[in-house]
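For reference, the structure is listed below as structure tokens.
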Amino acid sequence: MERMMKCAIYKSAKNIVVEEREIPSVGSKDVLVKNLRAGICGSDVGIYLHGGESYGLPANSQFGHEMIGRVAEKGCEVSDEVQIGDLVFVDPTKSTENGVAGSTAAGAFSEYALVKNAAMNVNLYHLEDTDLDKMAIIEPLCVGTKAAVKVTPKLDEKVVVLGAGTIGLCAAASLIARGLKKVVVVDRDQRRLEAAKHLGAATVNTVNVDLKEELIRLLGAFPGYFPLPDVDMYIEASGSSALLKQCFDFAREKTRYAVVSVLKEVSLNGMNFIATEPMIYGSRGYEEETIVEVIDHLQKNKTCIGEIVTKKYSIDDFPKDIEDAASGNQIKVVIDYEMK
């Protein structure tokens, strides 16, 4: 095997270059994966725009964590469950020796990624030969699904997803895949809301309508002293503290909230907080059962969430790739390592 590979290397804010680096050596318990697709995450955009140091990524590092590929080499102690040529999803939170802290630099934006202490259904998950572009969203779909599961959705409940970015759309898709019929997605970007409609969700564009009144129209009013939207659960994926506060202020009793976005401080009305008894959950990452659910979701085409991939680039064009992802003009940007 040629021992050099192309990699996107973080230098500093708004300074990413493509370089050749040596392909990692494979230890006795390790696996080398030849990447086929890699998604650009919001955290990757944050690294590009604001610098990697606050994300634990020093200068001159490889980075990226959303990836699928084929097993190219395996160590002598790796189980026979892993075979050369297997198409796999790599769990970046368990693929390095630094766990979640090392996931930022897991190597998705390199032609090859090393998976340490490799094991099937631990940090590698077998995929059927299928639509690679669709399977490229496994990792963000896991994040969105975990957030949705946090609020323990029941089939007859009403759920509002705040934000129609990748994670919000993935959260909505996971609920619809589970069979929920009353899912509403809120945003200000009509293109993203059209993607939510295509999934099967109702939508609210807060540029055009009053959020409270529109939720009452779509989901009904909860009985009380004055009308409130009859919403069982909110999933916050917008990154807007003001939007979440608004939903807190008109919440009915015992509403559940899962917060998956990174927010600034949110001030709450103390009387409302006591009176309505909300349950608030933070959500980060995912577990094995989430990954299994997501792979089943995609391989059985339970929703059309794979269609959120709106642009693909080659690794050679990476500086342009991440600039496009940062622009907000795309929903999901993917690196296609088969693209020349």
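The values are calculated or read from the model by the stated rules, or taken from the named source; none is laboratory data. Every value quoted in this text rests on a predicted model; they were computed, and no experiment measured them. Note: ideal-geometry Cβ built from the backbone for every residue, glycine included; neighbour counts use all protein chains shown. Quick note on the areas: whole protein, heavy atoms, side chains included, nothing else; ligands and nucleic acids left out. Shrake-Rupley method; radii C 1.70, N 1.55, O 1.52, S 1.80 Å.
Quick rundown of the values:
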{"quantity": "Close pairs from the range 177-195: first farther than 14 Å from GLY328 by Cβ and among the charged types (D, E, K, R), partner surrounded by 19 or more Cβ atoms within 10 Å (Cβ to Cβ) and at pLDDT 95 or above, Cβ under 6 Å, at least 6 apart", "calculated": "LYS182/LYS158"}
{"quantity": "Leading residue by the ranking (least open to solvent (accessible area, probe 1.4 Å)) among those in the range 190-238 that are of a type in the set (D, E, K, R) and touching a strand residue (DSSP E or B) at 6+ places or on another chain (Cβ under 7 Å)", "calculated": "GLU236"}
{"quantity": "LYS154 vs. criteria farther than 30 Å from CYS76 by Cβ, assigned to a helix (DSSP H, G or I), of a type outside the set (A, V, I, L, M) and at pLDDT 95 or above", "calculated": "no"}
{"quantity": "Condition met for PRO92 (in a loop (DSSP other than H, G, I, E, B), closer than 27 Å to LYS320 by Cα and touching a His at 6+ places or on another chain (Cβ under 7 Å))", "calculated": "yes"}
{"quantity": "Any hit, the range 116-135, residues being in a strand (DSSP E or B), open to solvent by less than 10 Å² (accessible area, probe 1.4 Å) and among the aromatic types (Phe, Trp, Tyr)", "calculated": "yes"}
{"quantity": "Test: residue in the range 73-81 that is hydrophobic (A, V, I, L, M, F, W, C), out of contact with any Cys (no Cβ under 9 Å at 6 or more places or on another chain), crowded, with 18+ Cβ neighbours inside 10 Å and closer than 24 Å to LEU141 by Cβ", "calculated": "no"}
{"quantity": "Any hit, the range 45-54, residues being more than 21 Å from VAL333 (Cα to Cα) and among the aliphatic types (A, V, I, L, M)", "calculated": "no"}
{"quantity": "Selected residue (criterion: most open to solvent (accessible area, probe 1.4 Å)) from residues of the range 10-32 that are small (Gly, Ala, Ser) and out of contact with any helix residue (DSSP H, G or I) (no Cβ under 7 Å at 6 or more places or on another chain)", "calculated": "SER25"}
{"quantity": "Residue match in the range 168-181 (condition: touching an Asp or Glu at 6+ places or on another chain (Cβ under 8 Å), of a type outside the set (A, V, I, L, M, F, W, C) and assigned to a helix (DSSP H, G or I))", "calculated": "yes"}
{"quantity": "So GLY285, is it of a type in the set (Gly, Ala, Ser), part of a loop (DSSP other than H, G, I, E, B) and open to solvent by less than 60 Å² (accessible area, probe 1.4 Å)", "calculated": "yes"}
{"quantity": "Any hit, the range 29-49, residues being assigned to a loop (DSSP other than H, G, I, E, B) and free of Cβ contacts under 8 Å to residues at least 60 places away in the same chain", "calculated": "no"}
{"quantity": "Residue that is nearest to ARG192 (Cα to Cα) [pool: residues in the range 310-340 that are at pLDDT 95 or above and of a type in the set (Phe, Trp, Tyr)]", "calculated": "TYR313"}
{"quantity": "Single residue of LYS332, LYS264 found to be among the basic types (Lys, Arg) and surrounded by fewer than 20 Cβ atoms within 10 Å (Cβ to Cβ)", "calculated": "LYS264"}
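Let's see how each residue does on (1) of a type in the set (Lys, Arg); (2) open to solvent by less than 70 Å² (accessible area, probe 1.4 Å); (3) in a helix (DSSP H, G or I):
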site	(1), (2), (3)
ALA242	no, no, yes
TYR257	no, yes, no
ASP296	no, yes, yes
GLY306	no, yes, yes
